[in-house]
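Trainee: The structure is given below, and queries will be raised subsequently.
The values are calculated or read from the model by the stated rules, or taken from the named source; none is laboratory data. Note that the coordinates shown come from a computational prediction; the quantities given were computed from them, not determined experimentally. Note: ideal-geometry Cβ built from the backbone for every residue, glycine included; neighbour counts use all protein chains shown. To get the accessible areas, we keep the full protein, side chains included, count just its heavy atoms, and leave off ligands, DNA and RNA. Shrake-Rupley method; radii C 1.70, N 1.55, O 1.52, S 1.80 Å.
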Amino acid sequence: MSKVAQFPNARQIEVEACAWIAQLDGNTPSQEDLTAFREWISRSPQHRQEIKRLSALWSDLNIMTELAVPVKDNQKMVSHKLLLPAVFALVVVLSIAETVFYFRPQTPAAALNVLYSTRIGEQKPVTLADGSKVLLNTDSRIQVDYGAQQREVHLLQGEAYFEVAHNAKRPFLVYAGANIVRAVGTAFTVYLKKQDVEVVVTEGAVEVSAAANDSVGSAAKTLIKPTTKLADIKAGQRAAFNQEVESIHSVMPLEIKRKLSWREGVLSFSGEPLDQVVAEVSRYTPVTIVISDPAISNIRIGGYFKIGETEALLEALETSFGVRVNRVNDKLVYLAAK
């Protein structure tokens, strides 16, 4: 896993801080609001400084206190609120910076504004700051960009399975190519193949949209650029799209389990032609597999193969499917008819 630090944008931080104060002032925060605010304030010293500065200008600091101090300390401070209002306000502003370290350990994986990636043949689980879970498939990369208003993940390459923590106030957006998958609390996989996107929904529903071309890859721009809704994809459905819907199909639970078997570390085939099997297996190995004889391309292949055990697959092709395997070297294999 690699992490790439992002330099804070002062203007963006100011806008987000204003949004937080506007959202929380006069309202009773939910537990999701508390968690999200703690995530935001712990990102950098600039975030803490900006919320302090704006809080000093705000007329009501009570809600900021409740969010910025531990529960035990908060109860003690509230009991003195009416007796020492001036001192209380000062302590509130100072405590925001002082208590952020108390909350930092509660943020799972500190998954804010970072890059996660996997090597060829690797699967990697990641827990994001809001509790959402991502399982990265082989040779994949995601850029996480969480803000006060929404949660963004940019799928830069490959495939990932998402289990999204429910938060209706902060939608979860996955950007893949020039497309967007929007969820609130659901589970689904997104596979980016060049610019084509495939989505399989296992729980809940997602909305897929086409993004403005100049907004792709820029988290700051995606907040204001227009999008075009394409379709709603429900649990048990599989969709392919790229700026427009190419197909939406209902998929049986057994087929979904087979298609997503990579999450269990295996590849499952049930009658796919050899050329498709080779294309899929090639995603998980640095070995180049070439079908040198077109006559075998349509041989139907079935079975389970453990990811990373390419040699076992090649042996199965030789012994059970009438395929001759020519191992040129440890990085190149040719397949032909026996």
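Trainee: Can you list residue pairs whose Cβ atoms sit under 8 Å apart, with the first residue in region 301-314 being more than 14 Å from S261 (Cβ to Cβ) and hydroxyl-bearing (S, T, Y) and the second being assigned to a helix (DSSP H, G or I) and open to solvent by less than 40 Å² (accessible area, probe 1.4 Å)? Count only pairs 6 or more apart in sequence or on different chains.
Mentor: Taking only residues 6 or more apart or on different chains, the pairs are T310/V281; T310/Y284.
Trainee: Sticking with this one: Which ones in region 238-286 are without any contact (Cβ under 8 Å) to a residue 24 or more places away in the chain and among the aliphatic types (A, V, I, L, M)?
Mentor: Correct list: I248, M252, L254, A279.
Trainee: Has region 104-113 got any residue that is at pLDDT 95 or above, among the small types (G, A, S) and surrounded by 19 or more Cβ atoms within 10 Å (Cβ to Cβ)?
Mentor: Looking through region 104-113, none of the residues is at pLDDT 95 or above, among the small types (G, A, S) and surrounded by 19 or more Cβ atoms within 10 Å (Cβ to Cβ).
Trainee: From the residues in region 139-149 that are at pLDDT 90 or above and open to solvent by 10 Å² or more (accessible area, probe 1.4 Å), which one is farthest from R119 (Cα to Cα)?
Mentor: Going through the qualifying residues, I end up with D145.
Trainee: Also, quick follow-up: Which one of these is farther than 21 Å from K229 by Cβ and open to solvent by 30 Å² or more (accessible area, probe 1.4 Å): Q157, Q195?
Mentor: Unique residue meeting the criteria: Q157.
Trainee: Take T186 and tell me if it is farther than 23 Å from I120 by Cβ, β-branched (V, I, T) and open to solvent by 20 Å² or more (accessible area, probe 1.4 Å).
Mentor: no
Trainee: Further question on the same structure: Wholly within region 244-338, which strands (runs of 3 or more DSSP E) include no fewer than the required count, namely at least 2 residues that are within 36 Å of the chain's Cα centre (by Cα)?
Mentor: Correct list: 245-250, 266-273, 288-291, 300-306, 332-337.
Trainee: Of the residues in region 309-338, how many are within 23 Å of S270 (Cα to Cα) and among the polar types (S, T, N, Q)?
Mentor: 3
Trainee: With more than 30 Å from A336 (Cα to Cα), at pLDDT below 95 and loosely packed, with under 14 Cβ neighbours inside 10 Å as the only criterion, which of L223, L254, L230 stands out?
Mentor: Matching residue, one of L223, L254, L230: L254.
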